[in-house]
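Novice: Here you go, one structure.
Please treat every number below as a calculation from the coordinates, not as lab data. Given the structure is predicted, the values throughout are model-derived calculations rather than measurements. Please note: Cβ atoms are built from the backbone with ideal geometry, for glycine as well, and neighbour counts cover all protein chains shown.
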Amino acid sequence: KAGVTQTPRYLIKTRGQQVTLSCSPISGHRSVSWYQQTPGQGLQFLFEYFSETQRNKGNFPGRFSGRQFSNSRSEMNVSTLELGDSALYLCASLLTSGAPGEQFFGPGTRLTVL
Amino acid sequence: AQSVTQLGSHVSVSEGALVLLRCNYSSSVPPYLFWYVQYPNQGLQLLLKYTTGATLVKGINGFEAEFKKSETSFHLTKPSAHMSDAAEYFCAVSTSGTYKYIFGTGTRLKVLA
């Protein structure tokens with residue numbers, strides 16, 4: 001089974017621009033979560049989508065948004081980029097059934113904002 | 001609300017020595033607890049998880065963790081460190097029905113030859 005894929009792997013943008021990141025979950029997984037990882041902050045939860053609906057949301061400003069398509073692929077958008085948005089963005093997919101289980105992570109997209 | 005605290009952002013051990021990475025959680029309902037490892041330029045990989053049942057959980061690569069409800073802890077241990085264990089380790093908590101996972105800030109393990 002193919003793992004979680006994220007594209008692109010690396011991005012360089014300038015302040016004020018917007019960016020879209022993509023995540024393809026493992027086949028059959030309907031839940032996709034997004035995290036922002038920065039040194040010293042660990043993984044900060046952005047949001048989780050299930051069956052095209054945002055089911056959980058973290059404490060990030062409205063500049064961060066996402067969506068999920070009918071094939072469970074998900075995109076994350078950040079508008080009006082700020083220097084502090086530089087981070088590794090990870091997505092994770094989950095086979096939702098019963099108790100909370102293992103999240104499967106992609107390799108991440110490294111975003112640098114200049 | 002749930003939270004996770006990992007004590008020690010950096011831990012160094014000698015090769016062959018005991019590895020102990022600390023994790024304390026806060027949850028008002030029964031928690032589900034996880035340890036993940038992240039190698040450079042990679043995503044996170046599950047080491048082990050506690051859901052219900054046996055409080056001593058064994059994972060991959062010789063790691064294990066013990067759920068102690070009275071201490072709200074889920075510390076990760078390995079009897080003998082190997083150079084390949086050098087990585088960053090994350091503890092996470094979730095609860096039934098939420099599908100939301102809260103991660104700690106991570107502990108970077110360095111193994112000295």
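Novice: Taking neighbour counts of Cβ atoms within 10 Å as a proxy for exposure, in what order, fewest first, do B:67, A:50, B:90 appear?
Specialist: Values: B:67 21, A:50 18, B:90 24.
Ranked by crowding around the Cβ, least crowded first: A:50, B:67, B:90.
Novice: Projected onto the charge dipole of the protein assembly as shown (+1 at Lys/Arg Cβ, -1 at Asp/Glu Cβ, origin at the Cα centre), which of A:51, A:34, B:2 gives the Cα projection farthest towards the positive end?
Specialist: The Cα lying farthest towards the positive end belongs to A:51.
Novice: Same structure again: Where does each of A:33-45, B:6-18 land if you order them by average Cβ count within 10 Å, highest first?
Specialist: A:33-45, B:6-18
Novice: Would you pull out the residues with amide H under 5 Å of residue B:48's amide H, same chain only if 5 or more places away, H placed 1.01 Å from N?
Specialist: B:35
Novice: Efficiency by 1/(1 + (r/R0)^6): what FRET value for residue B:20 and residue A:54, r their Cβ-Cβ distance, R0 = 45 Å, to the nearest 0.05? Write down the numbers at each step before the final one.
Specialist: Details: r = 38 Å, r/R0 = 0.85.
My answer for the efficiency is 0.70.
Novice: How far is it, in nm, from the label point at residue A:10 to the one at residue B:28 when both lie 7 Å from their Cα along the line to the Cβ?
Specialist: With each label point 7 Å from Cα toward Cβ, the separation is 4.6 nm.
Novice: Additional query: Once the Cβ-Cβ distance between residue B:66 and residue B:5 is put in as r, and R0 is 25 Å, what FRET efficiency do you end up with, to the nearest 0.05?
Specialist: 0.90
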